[in-house]
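Here the structure comes first, spelled out in structure tokens, and everything after it is commentary.
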Amino acid sequence: MCEFFLRKIFTRFIAQNGDLSSSILRSLENKKRTEIDSMSGRIVTMAKEKGIDVPFNETITNFLHDVESGNESIFMENLQNPCFTNLKIKWR
């Protein structure tokens, strides 16, 4: 069953000549709201309810809200943004 879906994905990828992008990127490029709240934003909300710290999800969610509002841009230079460079994640 899984092999069937993988074949389908690769067929679609080849048909589009590798021109695939995430739905969040397409939304940002088209100046539309993203689904970040229903994805990472929901994780942040649930984690806060449980008293769990999720710095990566919180940073991404806040950053994408800034991009949606026009306060940030979606260029590679943003990887040098202090909100990412100062991000410390404790791995288990």
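Considering segment 63-92 alone, what residues qualify as being open to solvent by 80 Å² or more (accessible area, probe 1.4 Å) and either closer than 22 Å to residue 32 by Cβ or at pLDDT 85 or above (or both)?
Scanning segment 63-92 gives 71, 75, 76.
Under the condition of being in contact (Cβ under 8 Å) with a residue 24 or more places away in the chain and part of a loop (DSSP other than H, G, I, E, B), which residue from segment 26-40 is most open to solvent (accessible area, probe 1.4 Å)?
Looking at residues that are in contact (Cβ under 8 Å) with a residue 24 or more places away in the chain and part of a loop (DSSP other than H, G, I, E, B), I get 33.
I'd like to know if segment 4-20 contains one or more residues that are open to solvent by 100 Å² or more (accessible area, probe 1.4 Å), in contact with a helix residue (DSSP H, G or I) (Cβ under 9 Å, 6 or more places away or on another chain) and either of a type in the set (A, V, I, L, M, F, W, C) or at pLDDT 75 or above (or both).
No, the conditions are met nowhere in segment 4-20.
Inside segment 44-62, can you point out the residues that are open to solvent by 60 Å² or more (accessible area, probe 1.4 Å) and farther than 17 Å from residue 22 by Cβ? Explain how you work it out, then say what you get.
Step one: filter segment 44-62 for residues open to solvent by 60 Å² or more (accessible area, probe 1.4 Å), giving 45-46, 48-53, 56, 62.
Within segment 44-62, 45, 46, 48, 49, 50, 51, 52, 53, 62 qualify.
Cβ-Cβ under 8 Å, sequence separation 6+ or interchain: first residue in segment 45-68 and under 20 Å from residue 82 (Cβ atoms), partner open to solvent by 50 Å² or more (accessible area, probe 1.4 Å) and not in a helix (DSSP H, G or I). Which pairs?
55/88; 55/89; 56/89; 63/72; 66/72; 67/74; 68/33
The values are calculated or read from the model by the stated rules, or taken from the named source; none is laboratory data. Predicted, not measured: the structure shown is a model, and the values here were computed from it. Here Cβ is always computed from backbone atoms with ideal geometry, including for glycine, and neighbour counts include all displayed protein chains. Ligands, DNA and RNA are stripped out before the accessible areas are found, and what is left, the full protein with its side chains, is counted by its heavy atoms. Shrake-Rupley method; radii C 1.70, N 1.55, O 1.52, S 1.80 Å.
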